[in-house]
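S.K.: My questions will all concern the structure given below.
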Amino acid sequence: MMKKIILFFSALILISPVLWATSVNSEITGVRVYTNGAEISRKAQAQIPAGTQEIVISGLPFDIDPQSIQMKGQGNFTILSVSHRTNYLESPQLTRTMRMLRDSLEYYKNQIDIQQSLLKVYEEEESLLLANKSIGGTDTGVNVANLRAMADFFRNRLADVKKLQLDTRTNIQKLQERHNRVRNQINQTGAEQNRQVGEIVITTLADRAVRGNFEFSFITWQAGWNAVYDIRANDVNEPVELMMKASVLQFTGEDWNNIPLTLSTGDPRANFQIPMLSTWFLRFIAPMPPPPPRRESQELMIVEDEFFRVDAEDIYGAKAASVAEVAFIQETRTTTEYRIDIPFTLVSGNKPQIVEVQKNELPAGYNYFAVPKLSREAFLLAKITGWEEYVRLPGGVNVFFEGAYVGRSFLDPESTTDTLEISLGNDRGVVLERNRLTEFSRKGILGRRTTETVAWELVVRNTRNREITINIQDQIPVSTDANIQVTLEESSGAQYDESTGKLNWRINLGPSETQKRNFRYSVRYPSDKQIRLE
């Protein structure tokens, strides 16, 4: 009988050399975050027995891209295969933040239960007091002293019970509010964590028991980053500062604690997807319409032009320590990588972390721009050159001038030109007026033709203690009918675009200096027609 049992187990071992799997933990050694996705590098150790063995590395993101797994082993063993699977039975390990939130949620729930139990006791005591209001029997009376004593007792005790009920309800309300805040924070942090856990299964073969070291990496889509820029101008005599920041987000279910971080502008799928040519079909095409005239500079206007101050955290959210001086930049033909050389921590959740990537000073020219016909305010513009060398990704731009937050816009390197024009807001130190000159404005009729003449005076005053340059723009009408003739009679040296009717003056103003510019135009049209001028 014993011989049969031994033969049975021997056959079982020969048929199924892998009787059990060894489960090991791993730790993150570095993360390369792409704009969509992240490559996570990890390491693990395992005691590998002789023969064929399965090593299961668990606690990984559930959405690992199987094609992206790269595994390297160190030791006297052979890796036979590497596969990925999802474990639906094991819950993912909670992050430290999530554990604290869950503990707080449980604490407040217990406190609410205790207070609700006390409230029920007080309510039952009130019912007991009200049910026993009768003093003495129907055949026996009660003296005044006893009646007064019992009345005092009921009054005082009932008042105490009512106050205890009120205090308890207040406590319940406060605890419920705290419970709700923790619940909301859990939801924001990624409370409903995925109930699936990713696992990598390694099949090994060893002649004898050895200790194996594994280094591996994979792609997860539960992370990403986008660029955010700051443009700061402190003085019109100084260059502007362009700072690039990264807004990094990850919800892999695991906190990244003190890890080396690399930010990449590339596409992680390009690392393991083989390029394939498709058929190139050739056909006749229709001629393309002529492109619109190209502007000399790309104007980037902001949403808000008034100067006001805000808290920096209101703009960015969570902010990491400054790392702009320790970011190493590596470029290839198609991608740029920013390696952050100080440890980086990012909690898994829905709140992004801001990382300062690089800071550069760029040459800029400053001048003012005004359209008095539309606004009596002058806007300060900064014309920035050399920015395209440092901007690789589109992103929001926060604009600051003289330490004040001016507004926010968007910067797209694909759509802008060599010169970037930024509005730094309006400057009340430059005063503008637009006055109609009635003595030169008139209307006359000669035969069947009517002639109207309109004259304007533009006044600009510099109240600053420095010299400024301002471009002032106005306009005269442009005729769309051969019977309407528009003539510019005076322009005070303005550049005149006949096709658009625009007048442009470039004026240099010294401190406290005032200058004027006049323009006058006339319009001739049939007397039986009507037109509307200013």
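The values are calculated or read from the model by the stated rules, or taken from the named source; none is laboratory data. Not measured: the values here are computed from a predicted model. Neighbour counts run over all protein chains shown; Cβ positions are idealised from the backbone, glycine included.
S.K.: Scan segment 37-86 residue by residue and report those that are surrounded by fewer than 16 Cβ atoms within 10 Å (Cβ to Cβ), polar (S, T, N, Q) and either under 20 Å from Thr252 (Cα atoms) or under 37 Å from the mean Cα position of the chain (by Cα) (or both).
M.R.: Those that are surrounded by fewer than 16 Cβ atoms within 10 Å (Cβ to Cβ), polar (S, T, N, Q) and either under 20 Å from Thr252 (Cα atoms) or under 37 Å from the mean Cα position of the chain (by Cα) (or both): Gln67, Gln70, Ser83, Thr86.
S.K.: Specify which of the listed residues (Ala455, Ala494) is touching a helix residue (DSSP H, G or I) at 6+ places or on another chain (Cβ under 9 Å) and not assigned by TED's automatic domain parsing to the domain that holds Leu380.
M.R.: Going through Ala455, Ala494 in turn, the sole match is Ala455.
S.K.: Something else about it: Which residue, of Asn465, Asn518, Asn504, is out of contact with any Lys or Arg (no Cβ under 8 Å at 6 or more places or on another chain), in a strand (DSSP E or B) and either without any contact (Cβ under 8 Å) to a residue 60 or more places away in the chain or β-branched (Val, Ile, Thr) (or both)?
M.R.: After applying the criteria, what remains is Asn504.
S.K.: Take Asn471 and tell me if it is polar (S, T, N, Q), in contact (Cβ under 8 Å) with a residue 60 or more places away in the chain and either in a loop (DSSP other than H, G, I, E, B) or surrounded by 14 or more Cβ atoms within 10 Å (Cβ to Cβ) (or both).
M.R.: yes
S.K.: Would you mention how many residues in segment 390-435 are among the charged types (D, E, K, R) and at pLDDT below 85?
M.R.: 4
S.K.: Could you list all residues from segment 248-264 that are modelled with pLDDT under 90 and either closer than 18 Å to Val228 by Cβ or touching a Pro at 6+ places or on another chain (Cβ under 6 Å) (or both)?
M.R.: Thr252, Gly253, listed by residue number.
Yes/no matrix, rows are residues, columns are (1) modelled with pLDDT of 90 or more; (2) touching a Ser or Thr at 6+ places or on another chain (Cβ under 7 Å):
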| site | (1), (2) |
| --- | --- |
| Arg448 | no, yes |
| Thr451 | yes, yes |
| Val486 | yes, yes |
| Gly510 | yes, no |
| Glu534 | no, no |
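S.K.: Counting only residues that are modelled with pLDDT of 85 or more and of a type in the set (Lys, Arg), which one in segment 104-152 is farthest from Lys162 (Cα to Cα)?
M.R.: Applying the filter and picking the extreme gives Lys109.
S.K.: One residue is enough: does segment 206-227 have a residue meeting the conditions touching a residue at least 12 places away in the same chain (Cβ under 8 Å), within 30 Å of Ile384 (Cβ to Cβ) and of a type in the set (A, V, I, L, M, F, W, C)?
M.R.: Yes, there is a match, as at least one residue in segment 206-227 is touching a residue at least 12 places away in the same chain (Cβ under 8 Å), within 30 Å of Ile384 (Cβ to Cβ) and of a type in the set (A, V, I, L, M, F, W, C).
S.K.: Would you mention how many residues in segment 349-360 are crowded, with 21+ Cβ neighbours inside 10 Å and out of contact with any helix residue (DSSP H, G or I) (no Cβ under 8 Å at 6 or more places or on another chain)?
M.R.: 2
S.K.: Moving on. Just to be sure I understand the filter: pairs with C-beta atoms under 7 Å, separated by 6 or more residues or on different chains, first member in segment 385-407 and assigned by TED's automatic domain parsing to the domain that holds Val357 and acidic (Asp, Glu), second member in a helix (DSSP H, G or I) and modelled with pLDDT of 90 or more. Which pairs pass?
M.R.: Correct list of pairs: empty, since none qualify.
S.K.: Scanning for something in contact (Cβ under 8 Å) with a residue 60 or more places away in the chain, small (Gly, Ala, Ser) and part of a loop (DSSP other than H, G, I, E, B), does segment 490-498 turn up at least one residue?
M.R.: no
S.K.: Give segment 378-414 a look and list any residue that's within 28 Å of Ile507 (Cβ to Cβ) and among the basic types (Lys, Arg), or say none.
M.R.: Passing the criteria: only Lys383.
S.K.: Hey, any hits in segment 34-49 for a residue that's touching an Asp or Glu at 6+ places or on another chain (Cβ under 9 Å), of a type in the set (Ser, Thr, Tyr) and farther than 24 Å from Gly266 by Cα?
M.R.: The answer is no; no qualifying residue exists.
S.K.: Continuing with this model, one more query. If you take the residues in segment 498-534 that are surrounded by fewer than 16 Cβ atoms within 10 Å (Cβ to Cβ) and of a type in the set (Ser, Thr, Tyr), which one is farthest from Glu452 (Cα to Cα)?
M.R.: Per the criteria, the residue is Ser512.
S.K.: Out of the residues in segment 369-389 that are under 18 Å from Gln358 (Cβ atoms) and surrounded by 18 or more Cβ atoms within 10 Å (Cβ to Cβ), which is modelled with the lowest pLDDT?
M.R.: Trp387
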